[in-house]
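Read the structure below first, then the notes.
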Amino acid sequence: MLKTDQSEISYSISGDGEITFLFVHGWNINKSYWDLQQEKFHQNYQIVAMDLPGFGDSKNLKSVYTIDAYANDIKALIDHLELSKVILIGHSMGGRIILEAAQGNDKVIAMIGVDNYKEVQQKLNDELKTEADGFVEWLSADFANNSSVYADQYLIFEGMDSLVRKRIVEDYKIANPDASIPAIRAYLNYPYSEQERLANLNVPLFLISSDMSPVDTVGLKNTGLDFKVFEMSETGHFPMVEQPEVFNQKLEEILKELKANDYR
């Protein structure tokens, strides 16, 4: 456990290697969603998985749920563990969090987004803010039910294993609304376009994405950033637990590309 001024950060660490994978989960879930990746890669890499404060076993001591605050938690953990060559891996909402954590951070050598960066060019406007406010209001009306319904109906591949589906839906149902609602509000009210933040970086970006919705490759090309998309089929928003073997194969392909291009 790492305690900072704003958070108590629960994290797991295993393995040993020059390069560290730092896994950041998405909304309403926790670091255990990376267990099968930790098991697969810890023999050759150092693996760190963290709970974002307000989720899992991490605590938010000041009730500040913003993308910047979460990014600062990541940077604090990197400094605490004295990491020097970090691949940031962020799922869903975690994509924006690692994007902020990578700004001006010379310890980050690559980023991997998991089912995110679908609307890279989009920037908050009045219409989108109205939609976001409506979604948050709907969640707030009956959080446990509406959150779990949202996951079950919109985020999971319909042919998914019933136990995996049950796990995801239950985690959405039992998430703490005092953290979940302000966190999703902060995500939806992101003041930048992802395109402009990605354009600030000089590290490669890899995306492992469900083909249920396309990655915004046009917006990514406009960043000037070196990127590559690895699509997965027959999976929903949680490919690391819906199809872990295929997901791990994609990670292995990414590692081969990193080594071939000497991004160390």
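If the chain between ASP142 and ILE174 were fully stretched, how many nm would it gain, using 0.36 nm times the residue separation less the Cα-Cα distance?
Result: 10.3 nm gained on full extension.
Can you tell me the length gained on complete extension of the stretch GLU39 to VAL64, counting 0.36 nm per residue apart and subtracting the Cα distance?
5.8 nm
So what is the relative contact order of the range 175-264, in percent, for Cα pairs below 8 Å that sit 6 or more residues apart?
This gives 24 percent for the range 175-264.
Sort TYR154, TYR65, TYR11 by heavy-atom solvent-accessible area, probe 1.4 angstrom, most to least.
Order by accessible area, largest first: TYR154, TYR11, TYR65.
Just want the answer: with Cβ charges of +1 for Lys and Arg and -1 for Asp and Glu, which residue in ALA175, ILE9, SER92 is farthest toward the dipole's positive end in the chain?
Result: ILE9, furthest along the dipole toward the positive end.
In deg cm²/dmol, rounded to 500, what helix-only [θ] at 222 nm does the chain give when every DSSP H run of at least 4 residues adds -39500 (n - 2.57) and the total is split over its residues?
Taken over the chain, the calculation gives -12000 deg cm²/dmol.
In the range 142-250, what GluC sites (Glu not before Pro) fall in a loop by DSSP, with at most 15 other Cβ atoms inside 10 Å?
Passing both the DSSP loop test and the Cβ count: GLU158, GLU234.
Of the heavy-atom accessible surface of the chain (probe 1.4 angstrom), what whole percent is carbon and sulfur?
C and S atoms contribute 44 percent here.
What size of dipole, in debye to the nearest 20, comes out for the range 49-177 about its Cα centre when the only charges are +1 on Lys and Arg C-beta atoms and -1 on Asp and Glu C-beta atoms?
320 debye
Within 10 Å, count the other beta carbons around each residue, average over each peptide in 181-187, 209-215, and list them highest first.
With the highest mean Cβ count within 10 Å placed first, the list reads 181-187, 209-215.
Return a whole-number percent for the relative contact order of the chain, with Cα pairs under 8 Å and 6 or more residues apart as the contact set.
Once normalised by length, the contact order is 20 percent.
Let me spell out the model: positive unit charges on the Cβ of Lys and Arg, negative unit charges on the Cβ of Asp and Glu, origin at the Cα centre of the chain. What dipole size does that give, in debye rounded to 20?
420 debye
Packing-wise, with mean Cβ within 10 Å as the measure, how do 102-108, 32-38, 51-57 rank, highest first?
Final packing ranking: 51-57, 32-38, 102-108.
In whole Å, what three semi-axes, largest first, describe the equivalent ellipsoid of the range 24-138 built from its Cα gyration tensor (square root of 5 times each eigenvalue)?
26, 16, 15
Quick one: if the Förster radius is 25 Å, what FRET efficiency do GLN249 and ASP161 give, using the C-beta to C-beta distance and rounding to 0.05?
0.85
Which lysines have a Cα lying under 23 Å from the Cα of LYS3, excluding residues fewer than 8 positions away in the same chain?
Those lysines meeting the cut-off are LYS31, LYS59, LYS62, LYS75, LYS85, LYS107.
How much net charge surrounds SER12 when only other residues with a Cβ under 12 Å from its Cβ are counted (Lys, Arg +1; Asp, Glu -1)?
So the environment of SER12 carries a net charge of -3.
Pairs of alpha-carbon atoms within less than 8 angstrom and 6+ residues apart define the contacts here; what relative contact order does the range 1-87 have, in percent?
For the range 1-87, the relative contact order is 38 percent.
Which Cα, out of TYR187, LEU81, SER63, lies furthest along the positive dipole direction of the range 41-199 (beta carbon charges, K/R +1, D/E -1)?
LEU81
The values are calculated or read from the model by the stated rules, or taken from the named source; none is laboratory data. Predicted, not measured: the structure shown is a model, and the values here were computed from it. Don't worry about glycine lacking a Cβ; one is built from the backbone with ideal geometry, like all the others, and counts go over all protein chains shown. Side chains are part of the model used for accessible areas, which takes the heavy atoms of the whole protein and leaves out ligands, DNA and RNA. Shrake-Rupley method; radii C 1.70, N 1.55, O 1.52, S 1.80 Å.
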